[in-house]
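The values are calculated or read from the model by the stated rules, or taken from the named source; none is laboratory data. Computed from a predicted model, the values in this text were never measured in an experiment. Neighbour counts are summed over all protein chains in view; Cβ atoms, including those assigned to glycine, are modelled from backbone coordinates with ideal geometry. These area figures cover heavy atoms from the full protein model, side chains too; ligands, DNA and RNA do not enter into them. Shrake-Rupley method; radii C 1.70, N 1.55, O 1.52, S 1.80 Å.
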Amino acid sequence: MKQPLAFIHKWLGLVVGLQLLIWILTGIYFNWVDHRIAKGNELRQSSSHTVKPFPIDIIDLDEKHFIGVKRVELTHLAETPVYQLYYSLPAHNNQKQDVKTFHAETGLPFSLTQNTVKNIASNSYSAEAEISDIELMYPPHTDLAGEENPLWRVVVNDSAQTHIYVSPITGKVIAHVNNARRLHNIMFMLHFMDYAKTGGFNHTLITVFAVLNLIFVGSGVLWLIKKLPMMVHAVFSSGKKPIELLQNNGSSGVHALVPKGEVILHSLRNVNIHLPSICGGGGVCGSCKFQTPDTLPVTEADKAHCSPQELAHGIRLACQHSIDAISKISVP
Amino acid sequence: MVLTDIHFIHGESLLKPATPISSPTVPFSELAKAYPRADSVTLLTIAKSTVYKVEFEDAATHVIDAKTGKVLAPISTSKALAIAQQSFADSRYADKIKSIHYYSETDSPPSDVSPRWLPFWRVEFDAPLSPTLYIQANTGEIVSKRHDMWRLFDWMWRFHIMDYDDGENINNPLLMFFSVISLFGGVAGATLLVQRLRAPQATQKGEVI
Ligand code: FES
């Protein structure tokens with residue numbers, strides 16, 4: 001491993017490069033997309049609810065109901081006055097909720113009927129909704145990563161294959177999931193590398209990739225810095241210089257005028273001499289060899305690709321030396 | 001960003017878990033009679049006392065003592081302090097208050113909290129990462145919790161989406177510009193890599209790097 005930076009950069013590129021491209025492409029998608037549409041909300045509307053007054057004959061819950069309860073709410077659920085008892089207060093709505101609901105007039109357990117759910121769903125949909133199926137689904141939900149609660153799934157018969165999810169606890173619409181949203185979900189899964197569908201990015205796989213990627217980029221930057229003096233030189237020097245092109249047997253050949261201040265590989269291109277190059281002048285492929293009778297230092301890359309005999313015969317890599325350092329050259 | 005637990009960032013560990021309510025002296029039915037047009041009536045614990053929070057459609061809110069049935073005045077300085085100290089999870093620092101500030105509806109709020117919670121009290125603890133609690137002045141509820149890691153994460157997010165003013169707009173042209181350039185860089189790099197791997201061994205010494 002004569003050139004550690006190039007070595008690291010190449011092999012890490014192979015490991016994390018694909019994911020890096022995925023991050024860039026999905027990033028462009030998030031940057032470009034209209035998030036209201038991508039989240040599936042193109043046809044979503046908020047339903048205007050009118051507050052119904054509480055009836056006068058609200059009953060009070062028996063004291064034993066309050067044991068272990070963190071919060072009690074008297075409200076309306078689908079126009080019915082209800083008590084809702086919260087046994088836990090999760091920080092996010094998608095986390096597991098523990099709620100009991102009672103009818104505030106009868107004191108009996110209350111839950112939304114299929115018909116009510118259907119109404120809630122169609123009221124949230126701004127077009128005419130032809131509903132083909134209603135079902136109470138349990139987590140994990142294919143359409144909603146990270147959702148830990150059961151949800152009503154209302155299937156709308158439209159071209160975007162919309163599924164409307166309604167919370168049985170709050171009676172609120174959780175999401176409209178259509179094909180646009182499914183694409184968005186896939187993009188999120190790829191961006192977060194969330195193949196386990198946790199809905200988040202705190203997992204080992206992405207951590208490992210993030211660290212490797214940092215090393216990948218870091219090695220590239222260092223490599224570039226190492227090459228920078230040569231590149232700067234090429235940019236700021238101007239003018240041409242003559243160079244003698246030797247025959248293969250070493251006898252004198254023709255003279256050519258080539259640009260100064262560039263690496264040999266690039267300078268020679270101006271007189272239509274194209275040395276082979278696979279890595280584009282990175283000093284890593286070893287294909288751009290040339291020979292010169294002039295004395296030249298031996299770079300790391302020269303050492304990596306030329307045998308001691310070759311080096312002794314003045315063979316070097318054309319991408320590693322400036323044209324300024326030689327006056328004669330023979331190319332294979 | 002992936003290394004830090006997002007729940008920690010959100011400050012979910014700054015507060016003690018909510019305490020269960022004790023059953024109210026004034027029953028729900030009385031509240032329903034007094035406020036029939038309320039959107040909701042909620043019984044909850046705020047700093048050890050059980051209260052009713054009555055919310056209306058226009059976002060107006062009353063807080064009522066569940067023992068006496070009296071409407072409670074907005075939170076005073078000492079009450080805000082008490083709420084902050086009683087809710088703070090780390091007992092070593094609970095009584096170490098660095099600063100307390102009141103922000104009225106017309107004040108411009110600090111940048112790490114949403115203005116929709118105004119008016120509120122800002123209570124900062126003299127503890128590692130400068131934990132800060134925002135207490136809604138009308139209800140006494142803790143509406144926001146911040147610490148330095150949240151603030152750092154917020155900036156990392158701005159760098160992530162390259163939106164440096166408020167960090168809210170992902171659809172910004174600067175990000176588009178740089179991501180398209182990155183895409184070119186990425187594709188060029190991938191091409192070079194494929195060439196390298198396909199190329200026959202070009203070195204005679206045989207060291208493949
Ligand atoms: S061009 Fe690849 S080593 Fe010189």
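Working only within the range A:300-317, note down all residues that are under 19 Å from A:S330 (Cα atoms) and touching a Leu at 6+ places or on another chain (Cβ under 9 Å).
A:D302, A:H305, A:C306, A:G314, A:R316, A:L317
For the range A:69-89, state whether one or more residues are facing chain B (nearest Cβ under 9 Å), without any contact (Cβ under 8 Å) to a residue 40 or more places away in the chain and under 28 Å from A:A160 (Cβ atoms).
The answer is no, given that none of the residues of the range A:69-89 is facing chain B (nearest Cβ under 9 Å), without any contact (Cβ under 8 Å) to a residue 40 or more places away in the chain and under 28 Å from A:A160 (Cβ atoms).
State whether the residues of the range A:86-93 include one that is surrounded by fewer than 16 Cβ atoms within 10 Å (Cβ to Cβ) and touching a helix residue (DSSP H, G or I) at 6+ places or on another chain (Cβ under 8 Å).
Looking through the range A:86-93, at least one residue is surrounded by fewer than 16 Cβ atoms within 10 Å (Cβ to Cβ) and touching a helix residue (DSSP H, G or I) at 6+ places or on another chain (Cβ under 8 Å).
Looking at (1) within 16 Å of the ligand (Cβ to nearest atom); (2) open to solvent by 90 Å² or more (accessible area, probe 1.4 Å); (3) of a type in the set (D, E, K, R); (4) at pLDDT below 85, which is the one condition that is false for A:R269?
(4)
If I ask for residues that are more than 15 Å from A:R181 (Cα to Cα), in contact (Cβ under 8 Å) with a residue 40 or more places away in the chain and more than 10 Å from every other protein chain (Cβ to nearest Cβ), which ones from the range A:24-59 would you list?
Scanning the range A:24-59 gives A:Q45, A:S46, A:S47.
Take the conditions closer than 27 Å to B:K53 by Cβ and outside any helix (DSSP H, G or I) and apply them to B:P128. Does it pass?
So B:P128 fails the test.
Of the conditions (1) crowded, with 20+ Cβ neighbours inside 10 Å; (2) assigned by TED's automatic domain parsing to the domain that holds A:A6, A:T207 clears all except one; give me its number.
Against the list (1) crowded, with 20+ Cβ neighbours inside 10 Å; (2) assigned by TED's automatic domain parsing to the domain that holds A:A6, A:T207 comes up short only on (1).
Here are B:L152, B:L183, B:L133: which of them is at pLDDT below 90 and not polar (S, T, N, Q)?
Being at pLDDT below 90 and not polar (S, T, N, Q) holds for just one of B:L152, B:L183, B:L133, which is B:L152.
Within the range B:8-33, track down each residue that is facing chain A (nearest Cβ under 7 Å) and either open to solvent by less than 20 Å² (accessible area, probe 1.4 Å) or modelled with pLDDT under 85 (or both).
Scanning the range B:8-33 gives B:H10, B:E12, B:A18, B:P20, B:I21, B:S23, B:F28, B:S29, B:A32.
Of the residues in the range A:287-304, how many are under 20 Å from A:N248 (Cβ atoms) and within 12 Å of the ligand (Cβ to nearest atom)?
Qualifying residue count for the region: 4.
Determine which member of the set A:L43, A:L74, A:L25 is open to solvent by less than 40 Å² (accessible area, probe 1.4 Å) and among the hydrophobic types (A, V, I, L, M, F, W, C).
A:L74
Can you tell me which residues in the range A:48-71 are within 30 Å of A:Y125 (Cα to Cα) and exposed (fewer than 11 other Cβ atoms within 10 Å of the Cβ)?
Passing the criteria: A:S48, A:T50.
Name the single residue, out of those in the range B:36-46 being open to solvent by 30 Å² or more (accessible area, probe 1.4 Å) and farther than 15 Å from A:A104 by Cα, that is farthest from the other protein chains (Cβ to nearest Cβ).
B:T45
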